[in-house]
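What follows is calculated from the coordinates using simple rules that are stated; it is not laboratory data. Computed from a prediction, not measured in an experiment: that's the story for all the values here. Virtual Cβ from ideal backbone geometry, glycine too; neighbours counted across all protein chains shown.
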Amino acid sequence: MSVLQSLGDAFAAHYGRAPRWIASAPGRLNLIGEHTDYNDGLVLPMAIEFRTAIAAAPNDSGRIALRSEAASEAAVIDLSEPLRPEAAGSWLNYPKGVLAGFVGAGYRPRGFDALITSTVPMGAGLSSSAALEAATATLLEAVCAVELDPVRKALLCQHAEHTYAGVPVGIMDPFICILGRRDQALLLDCRSRETQWLPFEDPEVTVLAINTNVKHRLAEGAYAERRRQCEAAARALGVRSLREADMEMLTRTAGLDELPRRRARHVITEIARTSQAARCLRERDWRALGQLIDESHESLRDDYGVSSPELDAVVEIARSVGPRGGVFGCRMTGGGFGGCAMALIATREAAAIMSGIGTEYRRRTGTAATMFVSRPAAGAQLSYA
Ligand code: GLA
């Protein structure tokens with residue numbers, strides 16, 4: 001609550017009055033099921049304890065004033081003008097895209113002043129963008145006095161990312177940022193949108209995020225390219241999406257080039273691993289879950305081509321500790337090309353593991369990694385100040 005309390009104070013300092021609402025949403029960490037969401041597959045993310053929060057109060061005008069503690073200039077959106085995306089790369093595209101979704105759905109928000117703050121590391125593969133979108137959507141629900149069905153709300157955030165930020169993301173991030181639950185991971189079927197909540201509350205096991213602090217520029221173009229390659233592979237296999245494909249189908253289909261074949265192999269095997277991982281989580285079989293996490297990394301690195309030398313270094317270092325030293329498994333997490341790796345670890349070894357990885361990663365790369373442990377946290381929330 002302290003971040004929210006200090007945000008209320010910062011809002012008062014900027015705008016000269018107390019906020020009426022504080023909306024917040026968490027970042028997320030995906031345990032397994034990477035690059036499967038836009039293939040109608042399975043994903044297994046959890047919300048993390050870092051959040052993006054927006055404090056706001058009505059301003060009796062037709063304008064929205066937005067300030068972010070992470071950006072120097074404030075933005076003003078005139079609600080009587082048609083909404084348009086900002087230049088590519090602007091943080092404003094996330095809240096603006098969500099606002100456009102509300103306006104497009106027929107809601108008429110009144111003007112308000114808002115101040116945004118975030119503890120979600122940016123560009124780390126922890127979904128700081130979906131956290132901002134989900135927090136914005138939660139605030140706009142309060143402003144428009146409406147409560148959207150959570151699935152509709154998540155799809156609205158996804159649409160904002162497609163149309164305003166220009167990235168053809170899947171549904172995983174907005175779903176978990178909105179729906180997240182304490183001490184539970186979400187098994188989401190991205191085809192049926194069925195959700196299953198899996199308890200993840202064993203105090204002896206925790207998730208460690210290791211930020212390589214390296215982000216490669218390749219990321220966004222490569223994401224869209226992977227998506228196209230999967231669609232092409234599905235067409236060649238004669239299925240609607242790679243969810244309908246299996247390894248047998250892949251083996252017997254001639255005329256599929258090596259690259260789309262490898263992309264498809266990642267997706268098919270990753271969906272199978274995710275379903276097995278859900279079972280391991282239910283059975284608290286940490287060693288088996290760790291093994292699947294390790295295999296996921298290999299597949300993302302070799303077949304899907306979305307790892308990076310720094311991510312591979314972290315994974316190699318963490319794995320050299322092994323289950324006896326408390327590391328059950330480690331892999332890159334999120335879109336890839338930099339950002340974070342995640343490791344499933346024994347809680348009691350956390351300090352030793354972090355220190356060992358930190359020293360060795362710096363020795364190998366010359367860069368300092370940042371690390372944190374997180375338990376599954378709650379999704380988007382609104383409070384009235
Ligand atoms: C990004 C996207 C998600 C998902 C992951 C990869 O985080 O936003 O939709 O595709 O990459 O699993």
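Could you tell me whether the stretch 213-313 comes out rounded, prolate or oblate from its Cα gyration tensor? Rule is a ≥ b ≥ c as square roots of the eigenvalues, rounded for a/c under 1.5, then prolate if a/b exceeds b/c, otherwise oblate.
It comes out oblate by the Cα gyration axes.
Only Cα pairs within less than 10 Å get springs; with that Gaussian network setup on the chain, which residue of Arg17, Arg191, Arg110 has the largest fluctuation?
Checking each option, the largest mean-square fluctuation is seen for Arg17.
Report the gain in length on full extension from Arg228 to Leu79: 0.36 nm times residue separation, minus Cα-Cα distance, nm rounded to one decimal.
So the extension gain works out to 50.0 nm.
Among Asp294, Asp60, Asp312, what is the fewest-to-most ranking by other Cβ atoms within 10 Å?
Going from sparsest to densest Cβ surroundings: Asp60, Asp312, Asp294.
Sorting Ile210, Ile317, Ile171 on the 10 Å Cβ count, fewest up front, what's the list?
Ordered from fewest to most neighbouring Cβ atoms within 10 Å, Ile210, Ile317, Ile171 come out as Ile171, Ile317, Ile210.
For Ser128, what charge total do you get from the other residues with a beta carbon under 15 Å from its beta carbon, if Lys and Arg give +1 and Asp and Glu give -1?
With Lys, Arg at +1 and Asp, Glu at -1, the neighbours total -3.
All other residues with a Cβ under 9 Å from the Cβ of Ile293 taken together, and with Lys, Arg as +1 and Asp, Glu as -1, what is their net charge?
Charge balance near Ile293 sits at 0.
If R0 is 41 Å, what FRET efficiency do you get for Val103 and Glu258 from their C-beta distance, rounded to 0.05?
0.35
Does the stretch 256-385 classify as rounded, prolate or oblate by the C-alpha gyration tensor (a ≥ b ≥ c root eigenvalues; a/c under 1.5 gives rounded; else a/b over b/c gives prolate, otherwise oblate)?
Taking the square roots of the gyration eigenvalues as a ≥ b ≥ c, the stretch 256-385 is rounded.
If we count other beta carbons within 10 Å of each Cβ, what is the order of Ser128, Ser355, fewest first?
In increasing order of surrounding Cβ atoms, one gets Ser355, Ser128.
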